[in-house]
1. Search segment 94-112 for residues being small (Gly, Ala, Ser) and outside any helix (DSSP H, G or I), and hand back the single one that is nearest to the chain's Cα centre (by Cα).
2. If I go through segment 31-64 residue by residue, how many of them are outside any loop (DSSP other than H, G, I, E, B), within 13 Å of the chain's Cα centre (by Cα) and within 14 Å of the ligand (Cβ to nearest atom)?
3. Going through segment 68-106 one residue at a time, which ones are under 16 Å from ASP43 (Cα atoms) and charged (D, E, K, R)?
4. Report whether or not THR67 is polar (S, T, N, Q) and either assigned to a loop (DSSP other than H, G, I, E, B) or surrounded by fewer than 16 Cβ atoms within 10 Å (Cβ to Cβ) (or both).
5. Looking only at segment 82-98, which residues are surrounded by 12 or more Cβ atoms within 10 Å (Cβ to Cβ) and more than 16 Å from the ligand (Cβ to nearest atom)?
6. Can you find, within segment 8-30, the residue that is farthest from ALA79 (Cα to Cα) among those that are of a type in the set (Phe, Trp, Tyr) and either at pLDDT 95 or above or not in a loop (DSSP other than H, G, I, E, B) (or both)?
7. Restricting the search to segment 1-50, which residues are without any contact (Cβ under 8 Å) to a residue 12 or more places away in the chain and among the β-branched types (Val, Ile, Thr)?
8. Are any residues in segment 70-93 part of a loop (DSSP other than H, G, I, E, B) and closer than 17 Å to CYS19 by Cα, and if so, which ones?
Amino acid sequence: MRAAGNRLLFAWLEITGLCNEFCDHCYADSGPKGTHGTMTVRDWLNVIDQLADMGTLDVQFIGGEPTLYPSLPALIKHAHGRGLGIEVFSNMTHIREPLWEAFTEYGVTLAT
Ligand code: SF4
């Protein structure tokens, strides 16, 4: 099989373990005591660059609750600039106005 046949077309980016909810069924064990982990914003920007360079088409920001990650708009803007399709997987209970604006500006789709 050619290497191109193994291209990573889609990637989940689990940018935080923090969530405003605390669900018993949470697969990620996320909740109000969760953290953003050890990855810096620069690390995530580098991941996005690496994915784009590999030919990935789409990324999904997930957590935890990704809308609680302060630099989500910057990550969205960067991913869009690299030509990636963007989806945000949210519980839809805590989306601030600037995020709605970013979703609209960069053609972000939502999943819940
Ligand atoms: S990430 Fe989803 S499933 Fe997990 S605690 Fe938050 S809302 Fe519940």
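The values are calculated or read from the model by the stated rules, or taken from the named source; none is laboratory data. Everything quoted here is computed from the prediction, not taken from an experiment. Because the Cβ atoms are built from the backbone with ideal geometry, glycine has one as well, and the counts that use them run over all protein chains shown.
1. Just the residues of segment 94-112 that are small (Gly, Ala, Ser), to begin with: 102, 107, 111.
Next, only the ones that are outside any helix (DSSP H, G or I) stay: 107, 111.
On the way: GLY107: 14, ALA111: 11 Å.
Going through the qualifying residues, I end up with ALA111.
2. Residues flagged as outside any loop (DSSP other than H, G, I, E, B), within 13 Å of the chain's Cα centre (by Cα) and within 14 Å of the ligand (Cβ to nearest atom) within segment 31-64 amount to 3.
3. First, pick out the residues of segment 68-106 that are under 16 Å from ASP43 (Cα atoms): 69-79, 82.
Once the filter is applied, which keeps residues that are under 16 Å from ASP43 (Cα atoms) and charged (D, E, K, R), segment 68-106 yields LYS77, ARG82.
4. Numbers: polar (S, T, N, Q): yes; either assigned to a loop (DSSP other than H, G, I, E, B) or surrounded by fewer than 16 Cβ atoms within 10 Å (Cβ to Cβ) (or both): no.
Spelling it out, it is not the case that THR67 is polar (S, T, N, Q) and either assigned to a loop (DSSP other than H, G, I, E, B) or surrounded by fewer than 16 Cβ atoms within 10 Å (Cβ to Cβ) (or both).
5. First, the residues of segment 82-98 that are surrounded by 12 or more Cβ atoms within 10 Å (Cβ to Cβ): 82, 84-92, 94-96.
Answer for segment 82-98, where residues must be surrounded by 12 or more Cβ atoms within 10 Å (Cβ to Cβ) and more than 16 Å from the ligand (Cβ to nearest atom): ARG82, LEU84, GLY85, ILE86, ARG96.
6. Narrowing segment 8-30 to residues of a type in the set (Phe, Trp, Tyr): 10, 12, 22, 27.
Restricting the remaining residues to those that are either at pLDDT 95 or above or not in a loop (DSSP other than H, G, I, E, B) (or both) gives 10, 12, 22.
Numbers: PHE10: 13, TRP12: 13, PHE22: 29 Å.
Selected residue: PHE22.
7. THR38, THR40
8. From segment 70-93, those part of a loop (DSSP other than H, G, I, E, B) are 70-71, 82-84, 90-93; that's our starting set.
Hits for segment 70-93 are PRO70, SER71, SER90, ASN91, MET92, THR93.
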